[in-house]
1. Under the definition of Cα pairs under 8 Å and six or more residues apart, what whole-number percent is the relative contact order of segment A:136-245?
2. If I ignore ligands, DNA and RNA and count only protein heavy atoms, how much of A:D643 is accessible to a 1.4 Å probe, in Å² to the nearest 10?
3. Using a 10 Å cut-off on Cβ to Cβ distances, tally the other chain neighbours for every residue of A:699-705 and report the average as a whole number.
4. Would you mind putting B:105-117, A:540-552, A:103-115, A:431-443 in packing order, based on average other-beta-carbon counts within 10 Å, highest first?
5. Quick one: how many Å² of A:K66 are accessible to a 1.4 Å probe, rounded to 10?
6. Can you list which of the DSSP-assigned H helices in chain A have a Cα extent of 24 Å or more along the long axis and an average Kyte-Doolittle score of at least 0.0?
7. Per residue of segment A:10-26, in order, report the coupling 6.51 cos²θ - 1.76 cosθ + 1.60 (Karplus, θ = phi - 60°) as ³J(HN,Hα) in whole Hz, putting x for Gly and Pro.
8. Leaving ligands and nucleic acids out of the surface, order A:D592, A:D531 by accessible area at 1.4 Å, largest first.
Amino acid sequence: MTTTGERPVGFGRMTRKEDARFVRGHGTYVDDVRLPGMLYGAVLRSPLAHARIVSVDTSAAEAHPKVRAVITGETLAGLGLAWMPTLSYDTQAVLATDKVRFQGQEVAFVVAEDRYAARDALELIDVEYDPLPPVVDARRALDPGAPVIRDDKEGRTDNHVFDWEAGDRAATDEVFARADVVVGQDMLYPRVHPAPLETCGTVADMDAVTGKLTVWSTTQAPHAHRTLYAMVAGLPEHKIRVISPDIGGGFGNKVGIYPGYVCAVVGSIVTGKPVKWVEDRSENLMSTSFARDYHMPGEMAASRDGRILGVRVKVLADHGAFNSTAQPTKYPAGFFHIFTGSYDIEAAHCEVTGVYTNKAPGGVAYACSFRVTEAVYLVERMVDVLAAELGTDPAELRMRNLLRPEQFPYRNKTGWEYDSGDYPRALRLAMDLAHYEELRREQAERRERGELMGIGVSFFTEAVGAGPRKHMDILGLGMADGAELRVHPTGKAVLRISVQTQGQGHETTFAQIVAEELGIPPEDIDVVHGDTDQTPFGLGTYGSRSTPVSGAAAALVARKVRERARLVASAMLEVSPDDLEWEKGRWFVTGDPDQGRTMAEIALAAHSTLELPEGVEGHLDASCVYNPPNLTFPFGAYICVADVDAGTGQVKVRRFVAVDDCGTRINPMIVEGQVHGGLADGLGMALMQVIAFDEDGNCLGGSFMDYLLPTAVECPSWELGETVTPSPHHPIGAKGVGESATVGSPAAVVNAVVDALRPLGVRHVDMPLTPAAVWRAARGQPFRSDLAIT
Amino acid sequence: MQITVTVNGERYTRGVEPRLLLVHFLRDDLGLTGTHWGCDTSNCGVCAVWLDGAPVKSCTVLAVMADGHEVRTVEGLAHGAELDPVQQGFVACHGLQCGFCTPGMMMTARWLLDHDPDPSEEDIREAVSGQLCRCTGYENIVRSIRWAAEHGGAARPAEEDAGREEVRT
Ligand code: FES
Ligand code: FES
């Protein structure tokens with residue numbers, strides 16, 4: 001069944017292969033895995049944000065009849081496992097030994113016969129804490145005399161994590177000095193959490209006889225996890241199998257290794273039984289990878305006639321208690337330095353200072369493309385602030401400054417080389433779809449009547465597909481990905497890939513890539529992923545890297561197979577390979593199209609007794625590793641229309657138009673689905689989502705009662721448009737798209753709301769734009785909703 | 001405690017703790033893992049099933065409360081080998097990505113269409129507003145349910161379903 005007639009042999013709209021199991025309730029998520037004799041783990045967490053551990057008494061828990069093991073930091077210290085390396089060359093406590101450093105930190109692990117008993121036993125553990133003053137506000141973290149959070153590190157006397165900069169300071173200062181207009185706006189991208197509906201979890205099974213550890217885990221990067229387990233636990237890597245089964249959404253939340261995973265492994269080793277650990281929702285929100293938490297005082301310089309000349313910012317980055325962000329090593333602030341956005345800007349400079357606070361660790365998550373989200377939000381808010389200052393229409397100001405098609409490939413002022421784009425075309429299309437000029441007329445009429453209607457524009461350039469091995473690694477592992485393709489004698493195929501779907505539909509789109517290259521129907525191609533014993537090495541799915549990196553590997557391995565097929569076909573047809581031409585699914589003799597062989601015929605011959613030319617091996621199977629020459633740079637133009645209730649501060653997003661250009665679209669249906677989801681995420685972040693804290697470091701966003709997510713009622717019907725500008729360096733011209741909408745949409749929503757409030761003199765409101773925040777901003781009393789202290 | 005619950009037309013008798021949640025009973029005791037669990041506060045709706053013909057969040061129902069009652073889960077949505085129009089709609093309109101919210105969404109959708117065979121977009125959004133999806137932005141969930149309404153989405157007689165289910169299990 002298809003939505004638009006015929007199934008494509010290759011690219012095009014096609015329903016998903018994976019859906020057959022999901023709609024029947026036959027998916028297999030980690031919590032669905034049940035093994036004989038399996039035990040259940042539960043984590044005891046710190047109620048305090050910062051405290052010294054005086055003692056941990058586990059005797060009552062151990063006496064519980066259903067408890068099989070209680071593991072503490074001390075137990076782990078004996079095994080050398082109390083601390084683990086993070087993906088950013090820091091360390092993180094698996095179970096706390098000396099201090100707890102955020103509310104919700106892991107303190108002890110219970111293994112029991114069922115879930116409920118494990119929870120009961122947590123209540124029986126008695127921990128004595130000696131409370132310490134916490135560092136909650138990142139702006140206070142570097143104060144002299146601030147409590148030192150990481151005193152576990154020798155010689156550490158402050159909460160400083162890193163300083164990093166990009167761009168040219170002198171050139172930027174010079175541009176600012178001579179500019180007609182300089183605007184500044186302090187803004188916060190508050191801490192949020194990806195909150196996939198499936199929480200994180202694992203089933204660890206150590207076979208004491210073979211010494212093989214099998215781990216079913218909610219991981220977006222099974223191979224990286226395997227290598228890390230080998231490094232952390234000293235287990236031989238070939239004796240570790242990481243299986244990432246069906247994943248209930250990731251969004252970056254499932255990239256890192258969490259203490260619970262390690263505890264489950266230790267639990268299995270200690271008890272000799274498989275151990276399942278699945279966190280609850282509060283644990284997920286309070287302890288696993290958060291996102292953003294960037295304090296960004298931005299400045300923009302321009303000429304009087306609206307040419308943007310320079311942009312600069314000095315970011316304060318809250319990294320929580322352990323620096324466990326997952327991003328390419330060279331870039332401690334991720335790809336934030338793409339903050340010149342989509343504009344032809346003369347000079348730019350950014351500095352980023354990372355600090356420790358008594359909050360959960362993490363930082364790069366939530367479809368942020370390694371902090372392109374923060375960068376796009378900054379520049380797109382600044383453009384609107386500048387537009388307001390100049391009295392220019394924000395769409396017009398963007399149009400005036402967007403990069404022009406002839407400037408590509410374009411090297412921006414902080415070192416990125418944008419591969420391809422036609423930005424004005426995308427913005428014009430979005431304006432046409434939205435009927436922009438009409439909307440402005442309607443807005444003027446409504447303003448006359450005292451109604452608050454806003455139109456927000458944003459334009460984004462994404463940077464995805466990490467990445468070139470020379471520049472990008474995680475813990476020294478280069479970010480290249482492998483693919484293996486096997487063609488069976490009857491012409492059916494198996495593609496094995498290193499990346500792992502969390503809902504993106506790889507089983508369909510990767511089959512379509514091979515189908516496009518080989519002319520075999522996608523139904524005849526099985527895609528194997530998410531099992532380190534069955535797939536080639538690669539760094540996994542995040543940062544929208546699956547299509548740009550692994551998708552390229554899939555296309556190239558199929559081309560290798562095609563070339564092998566050519567040699568076999570030449571033997572079959574008794575002509576030189578040079579005399580053969582390819583059409584989808586078949587090699588034929590130049591000038592004699594009837595003389596040809598299909599892939600299925602060739603596959604059978606390759607496995608037969610047919611005599612092959614010297615040096616030609618039998619079979620068609622091939623493998624390859626793809627090392628991307630550059631990132632890909634998807635882009636898009638978004639327009640949001642919002643109405644604000646002046647009496648309550650309630651924001652209603654009435655319309656949202658999104659034009660995305662992600663190059664070649666393998667399956668447009670799936671691309672659109674990715675965009676829809678990202679738009680809802682962006683709307684949620686803009687309007688309601690925040691992980692806030694009180695002054696004692698208590699997390700105020702630890703449940704879905706407090707951490708609000710958009711429902712079908714808050715979301716408008718998304719209106720999509722597309723342009724297609726292929727990537728010149730990607731084998732099929734595709735760019736990633738999974739995070740585009742999350743990156744681009746928050747600024748459009750905020751710009752719309754600020755635009756609505758403009759008659760009240762409002763220039764900026766920090767996210768989330770809750771009714772309270774908007775109501776107060778409208779009265780000239782904005783407040784910071786990331787902290788309860790305002 | 002000993003309880004007997006009819007799930008998708010089949011009777012199950014099990015001994016359970018009084019505090020056991022229905023969602024855990026279905027998943028852990030009966031192995032019906034199509035029903036998911038996603039939050040501690042009854043907000044996400046991935047656990048939605050039918051209890052005596054109406055959708056409930058099975059994380060807010062104790063297994064013992066289902067004693068003597070009828071439960072229908074996603075595993076009982078298809079009519080034998082044939083997918084329910086709601087299931088077909090979710091496939092046809094890309095109404096799911098990770099699939100985690102999908103069983104709950106489909107159970108609510110089936111109930112909605114049984115009571116209103118021709119719901120408007122607003123009706124659909126309202127009907128699923130107690131359930132979260134993190135992947136689809138809801139757009140294609142709405143379209144999927146509309147698709148089902150337009151493709152024979154009206155209710156099938158319950159007895160017919162029950163009969164089929166018994167044959168299947
Ligand atoms: S599990 Fe979230 S509502 Fe039931
Ligand atoms: S499809 Fe993933 S949560 Fe709805």
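1. Details: 85 pairs, mean separation 16.7, N = 110.
Rounded, it is 15 percent for segment A:136-245.
2. 40
3. Taking the mean over all residues of the peptide, I get 3.
4. Working: B:105-117: 21.7, A:540-552: 30.7, A:103-115: 24.6, A:431-443: 16.0.
Those peptides, ordered most packed to least, come out A:540-552, A:103-115, B:105-117, A:431-443.
5. 70
6. Details: long enough: A:372-390 (27 Å, 1.01); A:552-573 (31 Å, 0.64); A:668-687 (28 Å, 0.72); A:740-757 (27 Å, 1.25).
Those that clear 24 Å and a mean of 0.0 are A:372-390, A:552-573, A:668-687, A:740-757.
7. In residue order, the calculated couplings are x, 6, x, 5, 7, 5, 8, 5, 6, 5, 3, 7, 5, 6, 8, x, 10 Hz.
8. On the way: A:D592 65, A:D531 10 Å².
Correct descending sequence by accessible area is A:D592, A:D531.
The values are calculated or read from the model by the stated rules, or taken from the named source; none is laboratory data. Keep in mind the model is a prediction, meaning the values are calculated, not measured. So basically every Cβ, Gly included, is an ideal-geometry build from the backbone, and we count neighbours across all protein chains shown. We work out accessible area using only protein heavy atoms, side chains counted, and drop any ligands, DNA or RNA first. Shrake-Rupley method; radii C 1.70, N 1.55, O 1.52, S 1.80 Å.
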